[in-house]
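Have a look at the structure below before the remarks.
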Amino acid sequence: MSEEVISEGDSLLVFTQFTEIGEALQDYFKQSFYYNCYYLHGGTARQKREEMIREFQDQETAPSVFILSLKAGGVGITLTKANHVFHFDRWWNPAVEDQATDRAFRIGQKKNVFVHKFLALGTLEERIDQMIEDKKKVASAIVGSDESWLTELDNESFKELIVLNKQAVV
């Protein structure tokens, strides 16, 4: 899949929760395909982190692979040069994966963003995927996938929702 993405002139993000996997992926992409490749993890120095992000985002830089540990790359980074996001191994919390995906899906993104999630049948990743889907169903059943439930409240229920609870203040 990475060959297809790069051949189209696009860049990609690969998220993993394991630093050893990130290192192995970086070696694989560099040695097997000679891709321009970056790897960001929790031990990356701030200056190196900023340099990698700047180089990756530069439109003059060749299509690239940016590998990120899920926790180090999940917050506060904009990587809109990528329009493919790969979750190499699944994390149990869908919000963490969604935050990671949002690195590519930001203001300034001019392309469609494609998200690819890998799992092997019969493995822990398959069970994690099922757990994530079950969590999403429960959340959707309780709140819904949007705020439309808010418009369905009658006036009294809406007032109860937004009024300051006097007992909490006292």
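Of note:
- As a calculated quantity, the FRET efficiency between Glu51 and Trp92 at R0 = 41 Å, using C-beta atoms, amounts to about 0.80.
- Computed P(r) (all Cα pairs; region 2-118; 10 Å bins; percent): 15, 52, 31, 2
- Least to most buried among Thr151, Thr80, Thr61 (fewest other Cβ within 10 Å first): Thr151, Thr61, Thr80
- For the Cα trace of region 11-71, dividing Rg by the Kirkwood Rh returns an Rg/Rh value of 0.94.
- Separation of the alpha carbons by more than 31 angstrom is noted, of Lys30/Lys71; Lys48/Lys136; Lys71/Lys135; Lys110/Lys159, for Lys48/Lys136; Lys110/Lys159.
- Degrees separating the helix 46-57 axis from the principal Cα axis of the chain, which is the longest one: 80 degrees
- Mean residue ellipticity, 222 nm, helices only, the chain: the sum of -39500 (n - 2.57) across DSSP H runs of n ≥ 4, divided by residue count and rounded to 500, is -11500 deg cm²/dmol.
- Restricting region 8-109 to chymotrypsin sites (Phe, Trp or Tyr not before Pro) that sit in a DSSP loop and have at most 10 other Cβ atoms within 10 Å of their own Cβ leaves Tyr34.
- Environment charge at Gly43 (Cβ cut-off 12 Å; Lys +1, Arg +1, Asp -1, Glu -1): +3
- FRET E, pair Val115, Glu152, Förster distance 25 Å, beta-carbon r, rounded to 0.05: 0.25
- Annotation for region 1-95: GluC sites (Glu not before Pro) lying in DSSP loop with at most 11 further Cβ atoms inside 10 Å of their Cβ are Glu8, Glu60.
Bear in mind these aren't lab numbers, they're just calculated from the coordinates by the rules spelled out. Bear in mind the structure is a predicted one, so any value in this text is a computation, not a measurement. Here Cβ is always computed from backbone atoms with ideal geometry, including for glycine, and neighbour counts include all displayed protein chains.
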